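Just so it is clear, none of the values below were taken in a lab; they were calculated from the coordinates. Everything quoted here is computed from the prediction, not taken from an experiment. Please note: Cβ atoms are built from the backbone with ideal geometry, for glycine as well, and neighbour counts cover all protein chains shown.
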Amino acid sequence: MRWWDIGPVLALEAELFPEDAWSEGMFWSELAHARGPRATRHYVVAEEPSPDGSGNGRLVGYAGLAAAGGLGDVQTIAVARDQWGTGLGARLLTDLLQAATAFECEEVLLEVRVDNTRAQKLYERFGFEPIGFRRGYYQPGNVDALVMRHTVQGTETDSDGC
């Protein structure tokens, strides 16, 4: 994701998350930490191919990961409704988990609305397990979040402690 993606991302964000959409400032803040040698964020967008082949297709999804101290956190993941069931959410999540490996994360956490069973099933397919709840996490609707954890493969220590 680059700065010029923020406008289309905000439009999709407002459509999918009308009660608790991120602000423009939140995305700018995240992107400020996504570049350079000290980057702690990874953001990606997905676009439909453009009909004219120009490469400027409609933005249909985005996702972001924060990483620090061996822990990754899925900050956001969104897919346009007309793309549901196409595997785009799985591709975005795969990208985030690859980024978590590159950041040397041992675990990846996320919060998902308790009423979003579609997303929960996706996360479970990728090995995320429920570990708790955050009461009233999504505001202003006061909706609880299910907290899920995924252990990143290849990060466990060897038997000799290395």
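The fraction of all Cα pairs in the stretch 48-133 landing in successive 5 Å bins from 0 to the largest distance is 3, 13, 23, 23, 17, 11, 6, 4, 1, 0, given as whole percents.
Taken about its Cα centre, the stretch 81-155 carries a charge dipole of roughly 280 debye when the Cβ of each Lys and Arg holds +1 and the Cβ of each Asp and Glu holds -1. Comparing mean-square fluctuations of D20, D73, D52 from a GNM of the chain with C-alpha springs under 10 Å, the top value falls on D52. Classified by the C-alpha gyration tensor, the stretch 76-122 has an oblate form. Its axis ratio a/c, with a ≥ b ≥ c, is 1.5 or above, and a/b does not exceed b/c. In this label model, Q139 and R125 are separated by 3.4 nm, measuring between points 7 Å along each Cα→Cβ vector. Translational diffusion of the chain, estimated by Stokes-Einstein from the Kirkwood radius over alpha carbon pairs at 4 °C in a medium of 1.567 mPa s, is 78 µm² per second. Residues within the reach of a label modelled at L109 (point 7 angstrom out along Cα to beta-carbon, backbone nitrogen below 13 Å), restricted to the stretch 116-135, are 131-135.
Please compute the contact order of the stretch 10-88 in relative form: average sequence separation of alpha-carbon pairs under 8 Å and at least six residues apart, divided by the residue count, as a percent.
Reported as a whole number, the value is 21 percent.
With Rh defined as the Kirkwood radius, the inverse of the mean 1/r over Cα pairs, the Rg/Rh of the stretch 5-61 is 1.04.
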